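One structure is given here, and the rest of the page talks about it.
The values are calculated or read from the model by the stated rules, or taken from the named source; none is laboratory data. Bear in mind that the values here come from a model prediction, so they are computed numbers and not experimental data. As a convention, Cβ positions derive from the backbone with ideal geometry for all residues, glycine included, and neighbour counts pool all protein chains shown.
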Amino acid sequence: MRSSQEQALKSLIDDLRQRVTEAEETLAAIREGSVDAVVVGAEGQDEVLVIGDDVLAFRNFMEAMEPGAVAVDADGRLLYANARFRQIFAEDWDRLKGKLLSEILPGPAAQLISKLISHDDHETAPVSVSFLERGVERNYLVSARPVHLGTIRGFAVTFSDLTERVRAEAAERAQRIASAIIASANEAVIVCDRTLTITHANFAAEALSTEKLVGNRLDAAIPLKFPDATGILEIGELVESSLRGTPLRSIEAFAPMSPGARDVLVSAAPLNISDDEPEGCVLTLVDLTQRKKDERQMHLLMRELDHRVKNTLALVLSISKRTAASEETLEGFQGSFSGRIEALAATHNLLAGASWESLSLRQIFGAEVSPYAETSGDRINITGPDLSLYPRAAIAVGLIFHELATNATKYGALSGEAGSINLEIHPKTDAPSVEVTWTERDGPPVKSFSRKGFGHTVISRSLSYSPHGGTTLEFEPTGVVCRIQIPISDVA
Amino acid sequence: MPTENANTRKLTLYVAGETPKSLAAISNLERICREHLPGKYQIEVIDLKKNPQLAREHKIVAIPTLVRELPIPIRKIIGDLSDEQKVLINLKVE
């Protein structure tokens, strides 16, 4: 009996000790803030009292916020998430509550946000994060501010949706890049909508019209004429063709209304912005004016070359026949014929070097006379202004100088040691010709040409192609004087 | 799904609605059990905000409180269970 009483007493003491321990632990937990609610009983009615602020107030506040918002404790555990946040992650509150933000957000975003809530004493700058929301990437600006939630310190984290702004900025940037590409293109680029109204045009395109392009109709601003072979009547047909899905490339056209009336190469491609039908047309116009001019020049030169070759062959044939008629021996023919062909070649060389445009009279003189005498020495003297001669006169004058020099070497001023030649170039006047005078001095006594051979013919006839061209040859006692009249039309 | 057997910890967690400590206690308990007692636990969460009278069974005063009913003797851990070592010792896992 005694033993059972002692047993009961011991059990009671153990129970009391257990209850005291529990009471101490409870008090310590309350004091340390490890709990945030207590059960109180009054008249047999138990009731739960929440310590600290009522969480309902901040929940209601968060719920009214437009951005996504969550309340988290210092570990990032969700204490509440508002409707917008729940919508972002398509989860209801029962599935979100108590979860860590790092369990909900994708890794990179979670890492950035965890830095926001790692320093509760410092306000950190918002961070930009992006993640997929129902398969579509969305951008958020996330900021965190420390708050008191009941008995704890936590954070209010807001997610402001920047997606539309980011998209608008990306679209604006894309637009700027597209405009820069169009603007920096060397060729003319024009964009028009389906109604042919111009929406974009670069500087090179503006140069093709006297009007401002953007806002105008394409066919009115830059009317084009197409060669019959293309089967295209006007520029609108090009646009319509490309809108139907048939881009056209490198169609030659003429822009009669453009400054300088330009030849262009037109290409048209559909402007595809989305998967729908093309929203317009992109046209590029390559200016062919210079190329066409070059082609015409080349064509002209080819014809000119053909003409000159035929003339030269006829001249060579004539020189050959007339030299043969005037020379008595084969050696004489060889010497005269070679000399004349070389004289012709010398002028041709000079003309080829000058692109067959014009030649300096002094150059021609130098090329033809230098084989016989030092043109920069005392025996040869040139006075007067230089003249620029067109090819026809240059060849004729070259042959005349050759014949005069050959004659001077054989019989005239250059045949002895003391003779000299003076070439006087008279200035241009209103007269239909310019005179150049060849005067020989101090040579042996002059006789007229013993017989008027081909050399004389060359001198007297080479410039006779024009009524204002020709020569007069005088045999003065002091030496030969040849007055050469060059038609003014052949002087540049 | 945890099943009941001789080694099963029968755990009752008393919470007060969705107070920060209650949510933390639920989250911590689920994580600790998942990581350290896989398949060996049974959790019952009792919301005393809804049923305050259920506090009497285990004489609950502070919330949150975790009660280990099995294996006996009963153990109580008061707080949000953020001290993992303390929880594991009381659940006799280590």
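Side notes on the structure shown:
- Residue within the stretch A:409-425 that is within 30 Å of A:LEU300 (Cβ to Cβ), charged (D, E, K, R) and touching a strand residue (DSSP E or B) at 6+ places or on another chain (Cβ under 6 Å) present: no
- The stretch B:54-94, subset of a type in the set (Val, Ile, Thr) and more than 12 Å from the chain's Cα centre (by Cα), residue farthest from A:GLY98 (Cα to Cα): B:ILE72
- Counted residues, the stretch A:65-88 - those being touching a residue at least 40 places away in the same chain (Cβ under 8 Å) and more than 10 Å from chain B (Cβ to nearest Cβ): 9
- Every test in (1) in a helix (DSSP H, G or I); (2) touching a Lys or Arg at 6+ places or on another chain (Cβ under 7 Å) is passed by A:ALA373 save one, and that test is (1).
- The residues in the stretch A:120-167 that are over 14 Å from A:ALA109 (Cβ atoms) and assigned to a loop (DSSP other than H, G, I, E, B) can be counted, and the count is 10.
- Tally, over the stretch A:458-477, of residues that are surrounded by 15 or more Cβ atoms within 10 Å (Cβ to Cβ) and among the hydroxyl-bearing types (Ser, Thr, Tyr): 4
- Lone unmet requirement of (1) buried (at least 17 other Cβ atoms within 10 Å of the Cβ); (2) touching a residue at least 24 places away in the same chain (Cβ under 8 Å); (3) within 12 Å of chain B (Cβ to nearest Cβ) for A:LYS97: (2)
- Residues of the stretch A:36-64 that are under 20 Å from B:ILE26 (Cβ atoms), within 8 Å of chain B (Cβ to nearest Cβ) and without any contact (Cβ under 8 Å) to a residue 24 or more places away in the chain: A:ALA37, A:VAL38, A:VAL39, A:VAL48.
- Only one of the numbered conditions (1) of a type outside the set (A, V, I, L, M, F, W, C); (2) out of contact with any Ser or Thr (no Cβ under 6 Å at 6 or more places or on another chain); (3) free of Cβ contacts under 8 Å to residues at least 60 places away in the same chain; (4) crowded, with 16+ Cβ neighbours inside 10 Å is not met by A:GLY280, and that is (3).
- Hey, A:ALA144 among the small types (Gly, Ala, Ser) and touching an Asp or Glu at 6+ places or on another chain (Cβ under 8 Å) or not: no
- Members of the stretch A:88-103 found to be touching a helix residue (DSSP H, G or I) at 6+ places or on another chain (Cβ under 8 Å) and closer than 14 Å to B:LEU23 by Cβ, listed by number: A:TRP93, A:LEU96, A:LYS97, A:GLY98, A:LYS99, A:LEU100, A:LEU101
- Only one entry in A:THR323, A:THR347 is in a helix (DSSP H, G or I), modelled with pLDDT of 85 or more and either aliphatic (A, V, I, L, M) or crowded, with 16+ Cβ neighbours inside 10 Å (or both), namely A:THR323.
- Filtered residue count, the stretch A:194-247, keeping only those that are crowded, with 19+ Cβ neighbours inside 10 Å, assigned to a loop (DSSP other than H, G, I, E, B) and either β-branched (Val, Ile, Thr) or not assigned by TED's automatic domain parsing to the domain that holds A:ALA268 (or both): 2
- Only listed residue being buried (at least 18 other Cβ atoms within 10 Å of the Cβ) and modelled with pLDDT under 85, chosen from A:VAL55, A:VAL70: A:VAL55
- First in the stretch A:307-325 and touching a residue at least 60 places away in the same chain (Cβ under 8 Å), second anywhere and charged (D, E, K, R), Cβ under 8 Å, 6 or more apart: A:ILE319/A:ARG340; A:THR323/A:ARG340
- Within the stretch B:15-43, being more than 11 Å from the chain's Cα centre (by Cα) and among the acidic types (Asp, Glu) holds for B:GLU18, B:GLU35.
- Residue in the stretch A:248-255 that is outside the structural domain of A:GLU357 (by TED's automatic domain parsing) and not in a strand (DSSP E or B) present: no
- Condition met for A:ALA29 (at the interface with another protein chain (Cβ under 10 Å from one of its Cβ atoms), in contact with a Gly (Cβ under 6 Å, 6 or more places away or on another chain), more than 26 Å from A:ALA144 (Cβ to Cβ) and not charged (D, E, K, R)): yes
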